[in-house]
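*Asks:* One structure, pasted below without further comment.
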């Protein structure tokens, strides 16, 4: 498993549309993808829009993204890049 | 804390013939509660036309919305269950029976509203109960808690 701490940079946070885009990308990978706010213990399924929305990830939130599986390196690279470039 | 859903924003068993009718009614319920201007309804429909039905966030549930500057007066949501499911363009495999319209005055309240609803519809059993519910006070209390 690989984990990285990232900051949500989208000015409007991870609302429905960016959350949907993130999940769509995450679903392309075989690895389990989870995301967790640093101030919360609960890990959320990164492939489920509903789960991500319950996290209410605002702009500036620090999150821990974890990818676990055969394609975890590629998954982390793709999703990390997506989170840092989403502007919606 | 102000109620996020108004009694006038709840409707059950609406007979929509297509997604536009369903989103239109969802928006009208927000207008009825004084949360949005009428033009917000067109903006909700345009959002689907331009960006697709990304707001089908759980099986059977869509959360149509538009941007704050497109006519939001106050943050609020509407609850509309359908008599028969409808489908959105390119999402024909995901029929929708429940529309929760969202109006948010800023991105923080937008995230908060979506987060609250998401927590309620995170499992299929709860979604089924919401879709078949005909008790206005139950929905009013549940969504305002």
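*Asks:* If you wrap a convex hull around the Cα atoms of the stretch B:15-73, how much volume per residue is inside, in Å³? Each step should come with its number before you reach the end.
*Replies:* On the way: hull volume 5.0 nm³, N = 59.
Dividing the Cα hull volume of the stretch B:15-73 by its residue count gives 84 Å³.
*Asks:* Could you tell me whether the stretch A:30-88 comes out rounded, prolate or oblate from its Cα gyration tensor? Rule is a ≥ b ≥ c as square roots of the eigenvalues, rounded for a/c under 1.5, then prolate if a/b exceeds b/c, otherwise oblate.
*Replies:* Values: a/c = 1.75, a/b = 1.26, b/c = 1.39.
Since a/c reaches 1.5 but b/c is at least a/b, the shape of the stretch A:30-88 is classed as oblate.
*Asks:* Separate question: Need one word for the stretch B:63-145: rounded, prolate or oblate. Basis is the Cα gyration tensor (sqrt eigenvalues a ≥ b ≥ c); a/c below 1.5 gives rounded, then a/b vs b/c decides.
*Replies:* Values: a/c = 1.85, a/b = 1.24, b/c = 1.49.
Here the stretch B:63-145 falls in the oblate category.
*Asks:* Still on this structure, please answer the following. For the stretch B:75-145, what does the relative contact order come out to in percent, with C-alpha contacts under 8 Å and a separation of six or more? It would help to have the intermediate numbers written out before the result.
*Replies:* Working: 64 pairs, mean separation 19.5, N = 71.
Reported relative contact order: 27 percent.
*Asks:* When Cβ neighbours within 10 Å are restricted to other protein chains, what is their mean count per residue of peptide A:46-53?
*Replies:* Numbers: counts 0, 0, 4, 8, 13, 5, 4, 13.
The per-residue average across the peptide is 6.
*Asks:* Another one. In vacuum, with every alpha carbon of chain B counted as one equal point scatterer, what does the Debye formula give for log10 I(q)/I(0) at q = 0.18 Å⁻¹? Two decimals, please.
*Replies:* -0.98
*Asks:* Right, something else. For peptide B:111-120, compute the average count of partner chain beta-carbon atoms within 10 Å of each residue's beta-carbon. The partial results should precede the final answer.
*Replies:* Working: counts 13, 2, 3, 11, 7, 3, 3, 11, 5, 2.
Mean shielding count: 6.
*Asks:* Here's a follow-up. For the stretch B:30-109, compute the orientation-averaged projected area of the C-alpha convex hull (one quarter of its surface), in nm².
*Replies:* Numbers: hull surface 20.6 nm².
The orientation-averaged projected area of the Cα hull of the stretch B:30-109 comes to 5.1 nm².
*Asks:* Right, here's the next one. Among A:8, B:131, what is the fewest-to-most ranking by other Cβ atoms within 10 Å? Kindly include the intermediate steps, with their values, before the conclusion.
*Replies:* On the way: A:8 22, B:131 18.
So the residues, fewest neighbours to most, are B:131, A:8.
*Asks:* Give the dimensionless ratio obtained when the Cα radius of gyration of the protein assembly as shown is divided by 2.2 N^0.38 Å. Kindly include the intermediate steps, with their values, before the conclusion.
*Replies:* On the way: Rg = 17.4 Å, N = 233, 2.2 N^0.38 = 17.5 Å.
Compared with the compact-globule rule of thumb, the protein assembly as shown sits at 1.00.
*Asks:* Something else about it: Separation of the stretch A:13-35 and the stretch B:71-145 by C-alpha centroid, Å?
*Replies:* About 21 Å separates the Cα centre of the stretch A:13-35 from the one of the stretch B:71-145.
*Asks:* Going by average Cβ density within 10 Å per residue, which order do the peptides A:72-83, A:16-27, A:56-67 take, highest to lowest?
*Replies:* Working: A:72-83: 17.2, A:16-27: 20.5, A:56-67: 18.9.
Put in order of decreasing packing, that is A:16-27, A:56-67, A:72-83.
FYI, it's all coordinate maths here, none of it is from the lab. Computed from a predicted model, the values in this text were never measured in an experiment. For neighbour counting, all protein chains shown are included, and Cβ atoms are generated from backbone atoms with ideal geometry for every residue, glycine included.
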